[in-house]
Amino acid sequence: MIKGFKDFLMRGNVVDLAVAVVIGAAFTGIVTALTSHLINPIIALFGGNNVNGLAVKLGESDKTIMDFGAIITAAINFLIVAAVVYFIFVLPMNKIKERRKRGEEAGPAEPTDVELLKEIRDLLASQRQL
C-alpha cells in the first residue's frame, strides 16, 4: 500500500504541480514584502521619490496611470518564487527520478543455458585434443 502511494507521488507531474501550488501560496507574502521593502526602494532611487515615479499618467483620470514599478515588482516576485520552487523542489525531485531510472536499467545480459552448454562443450573438446 505504501509502495503504491509512493509510486503515485513519484509519477508524472503530480509532485511538481502540488509543490508549485503550495510554495507559490506560502511564499507570496514573503516575496511581496521583500520586493516592496527592499527592491522597490532601489527602483525608486532611479525613478524618483517613490516607485510611482516610474508611472505614466495618460489622461486626466487616475485610472489612466500605467505603473511600470508595479509591473517590475510583479516580475521580480514571479522570478523569485519560480527560482525557489525550481531549485528547492523540482531539481531534487528530478534527481530522485534519475536515480530510480538508473536502478531499473537492464544490466549486461546473462548468457542463456544453451550458450553456457556450448561453452562447456567447446572447453571439453579442446581439453580432449590436448
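The values are calculated or read from the model by the stated rules, or taken from the named source; none is laboratory data. The model shown is predicted, which means the values in this text are computed figures rather than measured ones. Here Cβ is always computed from backbone atoms with ideal geometry, including for glycine, and neighbour counts include all displayed protein chains. For the accessible areas, the whole protein counts, side chains as well, though only heavy atoms, and no ligand, DNA or RNA atoms are used. Shrake-Rupley method; radii C 1.70, N 1.55, O 1.52, S 1.80 Å.
A straight chain from Tyr86 to Ile42 at 0.36 nm per residue would run longer than the Cα-Cα distance by 13.2 nm. Accessible area per residue (1.4 Å probe, heavy atoms of protein chains only) ranks Leu38, Leu91 as Leu38, Leu91, with the largest value leading.
Set the Förster radius R0 to 22 Å, insert the Cβ-Cβ distance between Glu98 and Lys6 as r into 1/(1 + (r/R0)^6), and round the FRET efficiency to 0.05. So, using R0 = 22 Å, E works out to roughly 0.85.
How would Lys63, Lys97, Lys3, Lys57 line up by accessible area, probe 1.4 Å, largest first?
Lys63, Lys3, Lys57, Lys97
Magnitude of the charge dipole for region 63-130, about its Cα centre and with charges confined to Cβ atoms of Lys, Arg (+1) and Asp, Glu (-1), is about 280 debye. Straight-distance candidates among the lysines for linking to Lys95, with alpha-carbon spacing under 18 Å and chain neighbours fewer than 8 residues away dropped: Lys6.
Backbone N atoms of region 61-92 closer than 14 Å to the 7 Å Cα→Cβ label point of Thr32 belong to residues 73-75, 77-78. Whole-Hz Karplus values for region 69-74 come out as x, 5, 5, 5, 4, 5 Hz, taken residue by residue from phi with 6.51 cos²θ - 1.76 cosθ + 1.60 and θ = phi - 60°; glycine and proline positions read x.
Take the Cα of Asp62, step 7 Å toward its Cβ, do the same at Ser126, and the gap between the two points is 9.5 nm. Using the Cβ atoms and a cut-off under 13 Å, what net charge is assigned to the surroundings of Asp113, where Lys and Arg are +1 and Asp and Glu are -1? Spelling it out: positives minus negatives among the neighbours equals -1.
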